[in-house]
Amino acid sequence: MPILIKNGLVYDGTGTAPVKRDILVERKRIVKIGETLKAVRVSEVIDATGAFVVPGFVDVHSHSDHNLSIFSDPEQEECVREGITTIVGGNCGKSLVPFAPRILKTLSDWEAGFSSLSVDWVTARDFFASLYKKGLGVNFGTLIGLGTLRAFTNRGSLQDFTDVELQFAKKILEDSFRAGALGFSSGFEYADECGVSAREVDEYIRIVKQFDGVYAVHLKNSESGMPHALRETVSLAKKYGVRAEISHFIPDEEHLSEYAEGLAYIEEEGSALEIHFDVSPLGTRAFSVSAFLPKWVKEEGYDALMRHISSPHMRERILSHMKTLPFHKIRIIRATSPSGFLVGKKISDFAESLHVDGARAILKLMEISAGTALCAFENVSLDAYFPFVRSPYSIVASHSAGTGLRENISGSERGVFSKFLSRAYEETAVPFEKIIMKCTSIPARKYKIGKRGMLREGYYADIAVLRDFVPSDVFVNGSCVLHEGKPTHARSGHILKKKENTLL
């Protein structure tokens, strides 16, 4: 039966000024948009008077796969409450395909509770089939992660690939694209990826170009060396003509000049290249707790990292490296049992409770969370953040996830899109309809997600009704997944698989 959304102020995702319109939804699609629509029979009428009606948000930097919330919460309640109707996983060089038990170590930054997960896939094709049978509350697509691909190929060794190993990895990547992967990601700051040779990466990017995928890059150095790492990435994108996305490109107080230089460079090159960068809705930067450790500790992999922390000699070297960190600006935002009670606390508060300094508190958090705790670095000023939001090359993405297995999350991670939209609405430098584009049509177009990201007749009915910027009613493929602020537990999401440049 049709559903009628009436009297809403419609931001259609195209960047045009909003207009008061009615939207008629039937089955999975928007069948009519117009003034004072009437339907002979409808199953429900949503009165959107005084509300904004927008396309469902397309979150291209999600970690709902990393923390396994697509399994512990297949309805993706946290995402739906944000107005998110589509998520893309496999970011930062980590994906759930290709799967072998040894890849779990590559995901240790996000989740330690894999032992309770029943895995029935190896390849991307198997993975998509498994998710289809389970059903999800939102649309889901994935990138293939460099770290995961390497761990699958050579059992987690950090050594350069042999020619045989490289050919095998390339075959796996090609097969993943043929099965429907949306792109490829790397996370050069992580221990299992920071030493990968340029020659090897080049081979993968050739394949990304061949299948017209996106290359999403967590830069090799996001601090003082960021401009150089950015130029390397842009040079690679230019060399092969791939669509690139720079992940977590958010300025911090200590490196404002470097990020300003990087932003100017992207805007200079962006007109000729399909390059974008993503920013989180609130401008915070989330890191694994291990990100605060010195680079040399992480280069040998996770097991060696944990041994170094336990070694008295190495421990003192590590503590010396971290002693100047602004611990009062580092907040624990996600953790699994038994460290879940720390969520919401700052490292300085945790240190005070232990009667130690901040550096020792970070090592303690590493130990009790097995390296899985996530922290927010609250060192981004709004004055510095909004020029990045205003850039024509920015995409707004959550950098977050639903609630994973045995995972506690802080209140600051909830309602972030609503807080962002409320703040952005007051920004006169960018029309609000352009802000909506950054959450909807721009990411959908970037990832070639067909017939989503805009409110148009014939498009899939992924729709959010916002009252005071908070989603009250959300539809995914025409099914109501949030009604009057309450989840319906529907699983109407599609598995997004790229096929001939169109996602079905």
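Quick one: order LYS295, LYS451 by neighbouring beta-carbon count within 10 Å, fewest to most.
Fewest to most other Cβ atoms nearby, the residues stand as LYS295, LYS451.
Rounded to the nearest 0.05, what FRET efficiency is calculated for SER353 and ASP303 with R0 set to 35 Å and r the Cβ-Cβ distance?
Efficiency, from the Cβ-Cβ distance: 0.75.
Among the GluC sites (Glu not before Pro) in the range 1-103, which ones are in a DSSP loop with at most 16 other Cβ atoms within 10 Å of the Cβ? Mind listing them?
Answer by residue number: GLU35.
Lysines within cross-link reach of LYS486: Cα-Cα under 22 Å, excluding same-chain residues under 8 positions apart?
Within the straight-line limit of under 22 Å, LYS486 reaches these lysines: LYS6, LYS28, LYS134, LYS419.
Just report the Cα centroid separation between the range 132-198 and the range 29-66, whole Å.
35 Å
What FRET efficiency would be calculated for the residue pair PHE168, MET1, taking the C-beta separation as r and a Förster radius of 30 Å, to the nearest 0.05?
Given R0 = 30 Å and the Cβ-Cβ separation, E is 0.05.
Charges on Cβ only, +1 for Lys and Arg, -1 for Asp and Glu, centred on the Cα centroid of the chain; of PHE417, GLY187, PRO2, which one is farthest towards the dipole's positive end?
In the chain, that residue is PRO2.
Please name which of THR142, GLY458, PRO392 has its Cα lying farthest along the dipole of the chain towards the positive end, using unit charges on Cβ (Lys, Arg +1; Asp, Glu -1) and the Cα centre as origin.
GLY458
Counting DSSP beta bridges in the chain, what percent are antiparallel, to the nearest 5?
Rounded to the nearest five, the antiparallel share is 55 percent.
I'd like the orientation of helix 256-270 relative to the chain: the angle between its Cα long axis and the longest Cα principal axis, in ° from 0 to 90, rounded to 10.
50 degrees
Simple spin-label model, 7 Å along Cα-to-Cβ: GLU484 to SER337 in nm?
The modelled label-to-label distance comes out at 3.5 nm.
Rounding to the nearest 20 debye, state how big the charge dipole of the chain is about its Cα centre with +1 on each Lys and Arg Cβ and -1 on each Asp and Glu Cβ.
With Lys and Arg at +1 and Asp and Glu at -1, about 1180 debye.
Exposure proxy check: ASP252, ASP212 ranked by fewest other beta carbons within 10 Å?
ASP212, ASP252
For the chain, take the longest principal axis of its alpha carbons; what is the angle in degrees between that and the long axis of helix 358-369, to the nearest 10 within 0 to 90?
Computed tilt is about 70 degrees.
A short reminder: the numbers here are calculations on the coordinates, not readings from a lab. The structure presented is a predicted model; accordingly, all values stated were derived computationally and were not measured. Cβ sites come from the backbone with ideal geometry, for glycine too, and all protein chains shown count toward neighbours.
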